[in-house]
Structure formats: structure tokens, C-alpha cells
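A.B. asks: Quick one: the structure is below, questions incoming.
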Amino acid sequence: MVKICCIGAGYVGGPTMAVIALKCPDIEVVVVDISKPRIEAWNSDTLPIYEPGLDDVVKQCRGKNLFFSTDVEKHVAEADIIFVSVNTPTKTRGLGAGKAADLTYWESAARMIADVSKTDKIVVEKSTVPVKTAEAIEKILTHNSKGINYQILSNPEFLAEGTAIEDLFKPDRVLIGGRETPLGRKAVQALKDVYAHWVPEDRILTTNLWSAELSKLAANAFLAQRISSVNAISALCEATGANVSEVAYAVGKDTRIGPKFLNASVGFGGSCFQKDILNLVYICECNGLPEVANYWKQVIKINDYQKSRFVNRVVSSMFNTVAGKKIAVLGFAFKKDTGDTRETPAIDVCKGLLGDKAQISIYDPQVTEDQIQRDLAMNKFDWDHPMHLQPTSPTAVKQVSCVWDAYEATKGAHGLCILTEWDEFKTLDYQKIFDNMQKPAFVFDGRNIVDPEKLREIGFIVYSIGKPL
Ligand code: NAD
Ligand code: UGA
């Protein structure tokens, strides 16, 4: 029986390994992590992450050929294939701070693999890493040359949160990069054999190592660029009376452009887009390509602009001050169908409103008060570095309350901001909400999910992204 071990039981490691276990009953899969609470949660009825369909998959294979453990060294030593799916956040200190990827977690995983291995291993980069990381990992793995053969593969993950299981069941493509040597090709084939249990062969792409590493950064940069492009156009729509939904529809009808990923919003969030583009920018700068670096930097600048534009719109519409006013925030996760708040635009919007002394009442169906308070008290980039988690502005946090009901959040509020596109926000009783709000009652829809005309009929003053006022 082939044995797989995955280091890192997070949003990627957990779901990907659960799906491999489900689709490959002949393979034993163990997911290991240094975080005891995370592993305990994976072994309990309440999984550590909310992801539609995940519970089902885990229930079907846990205890059969899928295991979660903190005994990292034992399972690494026993495995034939080791996936490394640890976090690779943006560096907060030292060389490249604020841009470069922090590979501390990756390096410590690689050193541990080198220390405990007694047999040949295939080591798979599942985390998103800078191009050429495999070269560094190879050096670490072979530094004490015990005669063990390590083959490094790059197998980046393309799943999106909220649809992770669907994406893993039917991926657009699986990408595997390896060394172009006989042993390298053999390793690529071994990993291909795993995916071939359920992924059609023409969707399994093989490339050299550097192309695979770079394709992941490029794919995220292209995706984020589409959002910044439509968000940039949304600002122009507001200035001219055009409607961004109509423009995006018309533009996306061109089959060369396509209709997906053109929803204007308050800005993109999530743990990866910003981090990976900053990483790409840093790599370009290090390779003497400042023009290319500046091109991609603009995608982040427009995203920051979109978030601050939203805050400015709220404050300026409400007579230039929100001091002491209650503002309801519906949705805190970075997108619907996840409880993940990493880099959610809601953090910047709430911090902006708190800076203007608003009182904020937040409701999100999947995010706890603890998480929200922590997010709002944290410095930029510190969220993925557990050791730097120190609240920076405890007074701001007192202006925030979190409730478990949209009606409670909006009661007595002057304004209401929709920051996540949860389906339930589309069908709220807006008449009831209006009746219980201060007047004039404002709605700022950062996701374009409500019908502005219907809300205006009720009596709201409505602002939607990129739509006529
Ligand atoms: P995560 O923070 O949810 O999970 C990483 C896990 O690794 C944590 O549980 C941490 O405790 C563990 N870890 C860190 N160092 C370790 C070590 N030395 N030994 C054992 N465990 C260790 O991160 P994630 O969202 O799963 O992302 C992982 C990687 O995948 C990142 O590089 C990310 O860019 C990439 N990625 C993420 C997504 C996504 O949707 N979240 C999608 C594609 C790619
Ligand atoms: C994204 C990519 O879609 C995945 O392919 C990739 O694997 C992953 O990043 C990663 O590397 O981490 P994810 O961040 O989970 O996945 O979610 P997306 O659906 O891409 O949404 C990202 C952000 O963009 C969200 O805040 C979402 O609301 C926003 N968005 C998305 C828009 O504002 N408009 C759109 O049209 C689409």
C-alpha cells in the first residue's frame, strides 16, 4: 500500500487529503500538524474549517484510510510521498518584508523530513511558493546526505474556498512539475497515478519544476487582475452613470474574455491573492524586472483603492461623519460559504469606519466574535504569523459588537454595509430592517446582491458598487 503523509492540516491539506483518501481506497493518507487543537478538531465532529461537502468526505474515510495526527515525525518517516502544505505568509520583518514569502514553516518542515527519513521519498510542494523554491528545498533535504534519494515535485493547489470539494472532485487541471531526469520522471508518474484514480488524463499537466511553481503565482495574479480590472471600471461607472453589471456582462460575452470572475465588489480578500501577487512582485524586483513588478503591484493598489473608496462613500454619504453612529455590517468572511476571514475586505472597511469613530455591529453566519475581535486588533500581515499576534488598538475593539442575527445587527443603525455575499442576505425582510433603523436609512452594498430599486421603494438611500445613484 502506498503511504502518503501531508504536513499541514489547514484549508488545503485537510480537504485535498480527504479527497485523495476517498478516491484512492488503496492508499493510506495521514495528515499531520504541529497544532494539537487543529488535529483534535479534525478527529472530532466539528471540523476546524467550514467547507460545504467536507464533513461527508471526511466521515466516509476517517479511520479507514484517512488519519489525522500530531505524531509528525513517525508518519513522515513511514511515508512514500510527503505533501508539504504549510502556510507561506508574507514576511513581516527583514529582507523583503511586506512582499517576499516567509518560508520559515516550509524550511522547518524540510529539515524535519531530512532528519527523520530512512527511505527514499517523493516530496511534493503543495503550498504556494516562490519560483525556484524546489532548488532550496533540495539543498536542505540533501544536506546531510544519508544516501537517501529525494525527488521534489511541484503540485500547486488551485481550489477555491467555499467550493473546495467540488473543485477537488472536478479540477480544471492538476499540475505536476518535476525534474527532467529518469528519477524525476518516475516521481511525476507516481503522483500522476494518484490523481489518475479520478482525474481524466488530459487534465493532468506535467511541466518542469519552475513552470509549475510560477504557474500558480501567475494564475492567482491573473484572477486577481480581473477583479481589479472590473473594480477600476466600477469607479468610472459611478462617475458616468454606466452600470458595472451591464458593462461586465457585455464585456464577458466576448468568448475571448469570458463571463466568470467579473463581479465588481468592495475588493478581493482571502489568504492568497494579495500574498501571492506581492510575492510575484518581489521575485520580479529580485530578477531586475521593475516594470513587470510595477505592472502587478497595480492590481493590489486598485484593490486597496476600492476598499478605501467604499469607506469614503459611507462616511461622505452620511453627512461626512459616522462618529457615534451605529453601522451594521452584514458579512465578515472574505467570501460566502466559508468562515475564513484572512485578508477579508471587511477588516479594512471596519477599521476605516472605526477610525471615523463609528459604532459597529457585525453579523456573519460563520465567523465568531473572538475571530472578529482578533482580526480587528491585528497589524497588516500579522494574521498568518501566530507568534506576532498582539492586539494593537484595544480601544477600537470596544466600538465593535458581534451578534448572531441580521435584524439585531441592524436595529437602531443609521447605515448598513453588506460586505459578504451570503445568500441569506438576499432574502432578508428589508422592510422590517428599514422600520427598525434610524432615518434616513442607508444601505451600502459592497457585493451588489440586493436590488437597489426595490430598496429605494422601501425608503432606503442605496449605494451599490458601480451603479447609478
Ligand atoms: P493554513 O494556515 O490553513 O494551514 C497550514 C497548516 O500548516 C497550519 O495548520 C499549521 O499549523 C501547519 N504547519 C506549519 N508549519 C508546520 C510544520 N513545520 N509541521 C507541521 N505543520 C505545520 O494554510 P492553507 O490555507 O491551508 O494554505 C497552505 C498553503 O496552500 C499556502 O502556501 C497557501 O498559499 C496555499 N494555498 C491555499 C489555498 C486556500 O484556499 N487556502 C488554495 C491554494 C493554495
Ligand atoms: C483563489 C483562487 O480562486 C483559487 O484558484 C486559488 O487556489 C486560491 O485563491 C489560493 O491560491 O488560495 P479563494 O481565494 O479561495 O481562491 O476564493 P475566490 O473565489 O478566488 O475569491 C477571492 C476573492 O475575490 C473573494 O474575496 C471574492 O469575494 C473576490 N471576488 C471573486 C470578487 O470580488 N469578484 C469576483 O468576480 C470573484
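The values are calculated or read from the model by the stated rules, or taken from the named source; none is laboratory data. Please read these numbers as outputs of a predicted model, since none were measured by experiment. With ideal geometry, Cβ positions are generated from the backbone for all residues, glycine too; neighbour counts draw on all protein chains shown.
A.B. asks: Going through Leu183, Leu205 one at a time, which residue ends up being closer than 22 Å to Ala160 by Cβ and either hydrophobic (A, V, I, L, M, F, W, C) or part of a strand (DSSP E or B) (or both)?
C.D. replies: Among Leu183, Leu205, only Leu205 is closer than 22 Å to Ala160 by Cβ and either hydrophobic (A, V, I, L, M, F, W, C) or part of a strand (DSSP E or B) (or both).
A.B. asks: Out of the stretch 92-108, which residues are of a type outside the set (A, V, I, L, M) and either surrounded by 21 or more Cβ atoms within 10 Å (Cβ to Cβ) or touching a residue at least 12 places away in the same chain (Cβ under 8 Å) (or both)?
C.D. replies: Thr92, Gly96, Gly98, Lys99, Asp102, Tyr105, Trp106, Glu107
A.B. asks: Still on this structure, I have one more. Looking at the stretch 117-143 only, could you name the residues that are among the polar types (S, T, N, Q) and surrounded by 12 or more Cβ atoms within 10 Å (Cβ to Cβ)?
C.D. replies: Across the stretch 117-143, the qualifying residues are Ser117, Ser127, Thr128, Thr133, Thr142.
A.B. asks: If you check Gly13, Gly98, which single one turns out to be of a type in the set (Gly, Ala, Ser) and near ligand 1 (Cβ under 10 Å from one of its atoms)?
C.D. replies: Being of a type in the set (Gly, Ala, Ser) and near ligand 1 (Cβ under 10 Å from one of its atoms) holds for just one of Gly13, Gly98, which is Gly13.
A.B. asks: Continuing with the same structure: In this structure, does Leu262 turn out to be in contact (Cβ under 8 Å) with a residue 24 or more places away in the chain and either touching an Asp or Glu at 6+ places or on another chain (Cβ under 6 Å) or in a loop (DSSP other than H, G, I, E, B) (or both)?
C.D. replies: Judged against the criteria, Leu262 is a match.
A.B. asks: Residues of the stretch 160-191 being surrounded by 19 or more Cβ atoms within 10 Å (Cβ to Cβ) and either touching a strand residue (DSSP E or B) at 6+ places or on another chain (Cβ under 8 Å) or within 22 Å of Ala79 (Cβ to Cβ) (or both), which ones?
C.D. replies: Leu168, Val174, Leu175, Ile176, Gly177, Gly178, Ala187, Val188, Leu191
A.B. asks: Continuing with this model, one more query. Give the stretch 120-132 a look and list any residue that's farther than 21 Å from Lys192 by Cα and either away from ligand 2 (no atom under 16 Å from the Cβ) or in a helix (DSSP H, G or I) (or both), or say none.
C.D. replies: Lys132
A.B. asks: Can you name every residue in the stretch 313-347 that is touching a residue at least 24 places away in the same chain (Cβ under 8 Å), more than 12 Å from ligand 2 (Cβ to nearest atom) and assigned to a helix (DSSP H, G or I)?
C.D. replies: Passing the criteria: Arg313, Val314, Val315, Ser317.
A.B. asks: Considering only residues of the stretch 35-64 that are modelled with pLDDT of 95 or more and among the hydroxyl-bearing types (Ser, Thr, Tyr), which is surrounded by the most Cβ atoms within 10 Å (Cβ to Cβ)?
C.D. replies: The selected residue is Ser35.
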